[in-house]
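Here's the structure, in structure tokens; my notes come after.
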Amino acid sequence: MFDGIMLGLSTVLDWNNLLYVIVGCFVGTFIGMLPGLGPITAIALMIPITYSIGADSGMILMAGVYYGAIFGGSTSSILINAPGVAGTVASSFDGYPLAKQGHAGKALAIAAYSSFIGGTVGAILLMVAAPLLAKVSLSFQSPDYVVLMFLGLTAIAAFSNKGQFLKAMMMTVFGLMLATVGIDPSSGTERFTFSQADLLDGISFLLVAMATFALAEALINVVRPEKKEIKSINDSDTPQIGSTKLTKAEIKEMAPTVGRSSILGFIIGVLPGAGATIASFMAYATERNLAPKALKDKFGKGSLRGLAAPESANNAACTGSFVPLLTLGIPGSGTTAIMLGALIAYGIQPGPMLMQENPSVFWSVIVSMYFGNIVLLILNLPLIPYFAKVLAMPKSVLTIMILFFSLIGVYLVSFNTFDLFMMVGFAVVALVLRLLAFPMAPLLLGFILGDMIERNFRRSMMISDGSLSFLWERPLTLSIFVISLLVLLFPLKDFITQRRADKAAVKAKQEHA
Amino acid sequence: MLNRELLGPSLFLALFTLYAIVAWQIPLLPFEEYETFTSATLPKVYAAFGIIVCLLSIGATLLKPTEKTDSDDVLEKSNVLRTFGLLILMVVYSAALEPIGFLISTSVFLLVGFFVMGERRKKILLLASIPVAVVFWFLMTQVLGIYLVPGNLWS
């Protein structure tokens, strides 16, 4: 492990890569601050650039963007109560009241320090957990991968918002279906190409990612603008930044919260499908429950603990979500799914062999996370007042720029205008689905995992002579399969409870009328 | 009229059914005839599973006690028209990129895009379109050495 850390350090400390960490954090913060745009969009917009700079640097840049976007999301949550990222919604509960009370600087500093500690704890745990898990996963065989991917797909659907399980499942299936377009690599049979030569190679991952996130995100903000008027940082009633200093007593009050939330965040981040949003809400709820009565009442009104908890948890969860990606090659979230797609595009297969075959990528991503946290703390925090000016950028300019960078980004990779037409088509579909409240991440996950599932499933079937017995022959496969089935059945409980509640509510209304 | 909650699953049901029809027509190679797993296996599984999920979703929506929803979510006509305008603009830009070249098509795309978004300030319209296209073109072609199409019509 020590050798690995040294290798990661030497890669990251290369001037070019250090620059990519800094640029990634800046760009991520910039995009993450814009309400409605999250880390997935930020990373999707970066992919065309990363294709020209190599795998190590590309992954370092994307990891920086990921961190920056989460931090940027916290800034807009605190300053204007408009979270740029779902993972920072919980930060606005106490961050915005603090800012309204004239402590915007303090709130931003708490966010930055908590994120730093959360990210650092996460990076240390990742350094320990990833190699261990990678070693264990070396014994994994094709059937184990099939059930693991099945678990990843069911988990992301199960952990989607309440009442969205079936929608998430439909999106997952849609993603899996899109992955079958093109020539079947094993038999050479054309599938769903409709005699279009441009479809023989399948649909590009970049195109789907850009259309469903960057384009659809920009267009949804046009068709359904935020009801809440976003105020610029220069407006008179928008909180001024103020001092960023924290007192010893305040630090003492928050220290246990940050520690607990960091570990909780990391563990939740490792679980496939959970991610930063669930981690931040769980940390917030846990801290509120643990707080003494006097402090509990302050939650929602500007509690320091209430801000520190989700901030440390969401950053630790971001780091945690890299564990399944780097060790098993299975992304646990939409963001890591995009990174998986980028790695595959580089010709690198993430998974247990990544640590042995591409140790520089493996370790530099881990070490760059730590550097990303330092960059955010040292450079971004003092620059927040200037970054905040981005919130004053005219929406008209911003939307068109996103459309332009998305289109040209895809064109610069394929130099094929057919891809652009297809991308607009996908954007229309994604827009309609977004308006109908369908989540996008399961689609991307299904699309990226589709090919791997098919390859491993085929191999497993061949090994077991065409029988499905591979699902229960090995205890490991069977255990993961059973867990996947339980995860699949988990939302059924919610569904039944919800139905009972709905029925009761309607009955009560009718009686009232 | 079709309920909003039913619209999504119904659209997916239609899509998955079409997918199933095509999946069942995937040609099998001679050696695949007696194989358990062919190139059509997973598409068929996905189609069947997708249709089941859609039917479950439709069933769950129909069984759900209905409640009158407020019209809070109705889209404004001007915003819908603006979105359509942007979609058409993107299609036109995609079609024009190669024939008339990056510089002209991008400048026009940005300018018209800002206009569609309601921007009327001449300073922003001009400064955020042509200079951006030129700077981007310069960075790509002169600094990074990436080829950008100059326009098939003139070259």
Working out 0.36 nm times the residue gap between A:I483 and A:F421, then minus their Cα-Cα distance, what length gain in nm do you get to one decimal?
-> 18.2 nm
Estimated distance in nm for a label pair at A:R455 and A:K100, the labels positioned 7 Å out from Cα along Cα-to-Cβ = 5.3 nm
For chain A, find the longest principal axis of its Cα atoms and tell me its angle to the long axis of helix A:165-179, 0 to 90°, nearest 10.
-> 50 degrees
Take the cross-link list A:K245/A:K389; A:K100/B:K122; A:K301/A:K493; A:K245/A:K298; A:K395/B:K64 and give me the ones stretching past 30 Å between alpha-carbons.
-> A:K100/B:K122; A:K301/A:K493; A:K395/B:K64
Name the longest site-free stretch of chain B, where the excluded sites are trypsin sites (Lys or Arg not before Pro) in a DSSP loop with no more than 11 other beta-carbon atoms within 10 Å.
-> B:1-67
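Using a cut-off of 13 Å between beta-carbons, work out the net charge of the residues near A:A291 (Lys and Arg +1, Asp and Glu -1, A:A291 not included). Please report the intermediate quantities before stating the final value.
On the way: positive: A:R260, A:R288, A:K293, A:K296, A:K298, A:K301, A:R305; negative: A:D94, A:E253, A:E287, A:D297.
Net charge in that neighbourhood comes out at +3.
Rounded to the nearest 20 Debye, what is the dipole magnitude of region B:4-72 about its Cα centre when Lys and Arg each give +1 and Asp and Glu each give -1 at the C-beta? Kindly include the intermediate steps, with their values, before the conclusion.
Numbers: 4 positive and 7 negative charges, 33 e Å.
For this selection, approximately 160 debye.
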Dipole of the protein assembly as shown (Lys/Arg Cβ +1, Asp/Glu Cβ -1, origin at the Cα centre): which of B:F84, B:F115, A:A112 lies farthest to the positive side?
-> A:A112
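Provide the FRET efficiency to the nearest 0.05 for the A:Q141-A:S10 pair, computing r from the beta carbons and using R0 = 41 Å. Spell out each step's value before the answer.
Values: r = 34 Å, r/R0 = 0.83.
Efficiency, rounded to the nearest 0.05: 0.75.
Would you mind calculating the relative contact order of region B:4-72 from Cα pairs under 8 angstrom and at least 6 residues apart, reporting the percent as a whole number? Provide the component values of the computation, followed by the final result.
Working: 36 pairs, mean separation 31.1, N = 69.
In percent, rounded to a whole number, it is 45.
Sequence gap at least 6, Cα distance under 8 Å: using those rules, report the relative contact order of chain A to the nearest whole percent. All intermediate terms of the calculation are to be shown ahead of the outcome.
Working: 951 pairs, mean separation 139.7, N = 513.
Taking the mean separation of contacting Cα pairs over the length of chain A, I get 27 percent.
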Quote the charge dipole size of chain B about the Cα centre in Debye, to the nearest 20; the model charges only the Cβ of Lys and Arg (+1) and of Asp and Glu (-1).
-> 780 debye
If you find the alpha carbon centre of region A:441-466 and of region A:23-72, how far apart are they in angstrom?
-> 29 Å
Filtered hits (lysines, Cα-Cα < 18 Å from B:K77, offset >= 8 within chain) -> A:K227
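So, with +1 on the Cβ of K and R and -1 on the Cβ of D and E, and no other charges, what is the size of the charge dipole of the protein assembly as shown about its Cα centre, to the nearest 20 debye? Provide the component values of the computation, followed by the final result.
Numbers: 43 positive and 39 negative charges, 486 e Å.
The calculation lands at about 2340 debye.
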Exposure proxy ranking, count of Cβ atoms within 10 Å, fewest first, for A:M355, A:M62 = A:M355, A:M62
Estimated FRET transfer efficiency (A:S360, A:L468; beta-carbon r; R0 51 Å; 0.05) | 0.80
Projected onto the charge dipole of region B:4-72 (unit charges on the beta-carbon of Lys, Arg, Asp and Glu, signs +1, +1, -1, -1), the Cα from B:L7, B:I21, B:F31 with the largest positive-side position is that of B:L7
Which of B:E119, A:E250, A:E511 has the fewest Cβ neighbours within 10 Å, and the rest in rising order = A:E511, A:E250, B:E119
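Figure the gain on full extension for A:R500 and A:M393 (residue separation times 0.36 nm, minus the Cα-Cα span) and round it to one decimal in nm. Show your work: numbers first, answer last.
Values: separation 107, 0.36 × 107 = 38.52 nm, distance 4.69 nm.
Roughly 33.8 nm would be gained on extension.
Which FRET efficiency value, to the nearest 0.05, is calculated for A:V429 and B:N152 with the Förster distance at 22 angstrom and r the Cβ-Cβ distance? Could the numbers behind the result be given before it?
Values: r = 30 Å, r/R0 = 1.36.
Between A:V429 and B:N152 the formula returns 0.15.
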Among A:V146, B:S94, B:L56 - extreme Cα towards positive end, dipole of the protein assembly as shown, charges at beta-carbon | B:L56
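A short reminder: the numbers here are calculations on the coordinates, not readings from a lab. Note that the structure is a prediction, hence the values are computed from the model and not measured. Quick reminder, even Gly has a Cβ in these numbers, built from the backbone with ideal geometry, and neighbours come from all protein chains shown.
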